[in-house]
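**Q** Sharing a structure below in structure tokens format, with a few things to ask.
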Amino acid sequence: MDEEALETARSMHALAQPYRLENRLKELEDLILKALKVLEKILGENHRITLSNINDLALGFWSRPSRDLWKEAEDFIWEALSASQWVLGAGHPRTLITMDILIHFYHQQNRLQEV
């Protein structure tokens, strides 16, 4: 495993978090996407850290006020949920967090039948 690349991805992810607080969503998405690509290459698509970054990317898309990326956010949430259930199990805390994100996502859109 390339420890230096992994540390770089972790740093990019950490640097992206203040962008969420500042509502600088494009910059948040750019950094998380870069980190995600590195993590997928080093750890694989189904690693818990990679899945956590997918959740963060989905949250960044979902936070957009224009709703133009909500479909992509939903796709990312489902991708993370499916992988989490398969890799970690349905009762794992990371899986349950992803389920909670999906529930809130649907609730905000008043898609209560899907909740």
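The values are calculated or read from the model by the stated rules, or taken from the named source; none is laboratory data. The structure displayed is predicted, hence computed values, not measured ones. Note: ideal-geometry Cβ built from the backbone for every residue, glycine included; neighbour counts use all protein chains shown. Accessible surface is based on the protein model in full, side chains and every heavy atom, while ligands, DNA and RNA are left aside. Shrake-Rupley method; radii C 1.70, N 1.55, O 1.52, S 1.80 Å.
**Q** How big is D, in µm² s⁻¹, for the range 50-115 by Stokes-Einstein at 10 °C and 1.306 mPa s if Rh is the Kirkwood radius over C-alpha pairs?
**A** Stokes-Einstein gives a translational diffusion coefficient of 135 µm²/s.
**Q** Rounded if a/c is under 1.5, else prolate if a/b beats b/c, else oblate: with a ≥ b ≥ c from the C-alpha gyration tensor eigenvalues square-rooted, which is the chain? Could the numbers behind the result be given before it?
**A** Details: a/c = 2.39, a/b = 1.22, b/c = 1.95.
Verdict is oblate for the chain.
**Q** Separate question: Note the full-extension length gain between GLU7 and ASN46 as 0.36 nm times their separation in residues minus their Cα-Cα distance, in nm to one decimal.
**A** Numbers: separation 39, 0.36 × 39 = 14.04 nm, distance 1.83 nm.
Stretched fully, the GLU7-ASN46 segment lengthens by 12.2 nm.
**Q** Under unit Cβ charges (Lys, Arg +1; Asp, Glu -1), what dipole magnitude, rounded to 20 debye, does the range 1-48 have relative to its Cα centre? Walk me through the numbers on the way to the answer.
**A** Values: 8 positive and 10 negative charges, 41 e Å.
That gives a dipole near 200 debye.
**Q** I'd like to know which of ILE77, ILE103, LEU31 lies farthest towards the positive end of the charge dipole of the chain, counting +1 on Cβ of Lys and Arg and -1 on Cβ of Asp and Glu.
**A** Of the options given, the answer is ILE103.
**Q** Further question on the same structure: How much accessible surface does ILE103 have with a 1.4 Å probe, in Å² rounded to 10?
**A** Looks like 70 Å² after rounding.
**Q** With +1 on each Lys and Arg Cβ and -1 on each Asp and Glu Cβ, and nothing else charged, work out how big the dipole of the chain is about its Cα centre, in Debye to the nearest 20.
**A** On the way: 13 positive and 18 negative charges, 56 e Å.
So the dipole magnitude of the chain works out to roughly 260 debye.
**Q** While we're here: If you roll a 1.4 angstrom probe over the protein chains with everything in place, what fraction of the accessible area of the chain belongs to carbon and sulfur, to the nearest %?
**A** Exposed carbon and sulfur together represent 54 percent of the surface.
**Q** Using only the heavy atoms of the protein chains and a 1.4 Å probe, how would GLU72, GLU4 rank by accessible area, largest first? Numbers along the way, then the final one.
**A** Values: GLU72 85, GLU4 145 Å².
Largest accessible area first, the list is GLU4, GLU72.
**Q** Let me check the size of the range 1-65 from its C-alpha atoms; what are the radius of gyration and Dmax in Å?
**A** Rg then Dmax for the range 1-65, in Å: 11.4, 38.
**Q** Set the Förster distance to 25 Å, then compute FRET efficiency between LYS34 and ILE97 from the Cβ-Cβ distance, nearest 0.05.
**A** On the way: r = 23 Å, r/R0 = 0.91.
Calculated transfer efficiency: 0.65.
**Q** Given the rule -39500 (n - 2.57) for each run of at least 4 DSSP H residues, summed and divided by the residues of the chain, what is its mean residue ellipticity at 222 nm, to the nearest 500 deg cm²/dmol? The partial results should precede the final answer.
**A** Numbers: 5 runs with 86 residues, N = 115.
After summing the helix terms and dividing by residue count, I get -25000 deg cm²/dmol.
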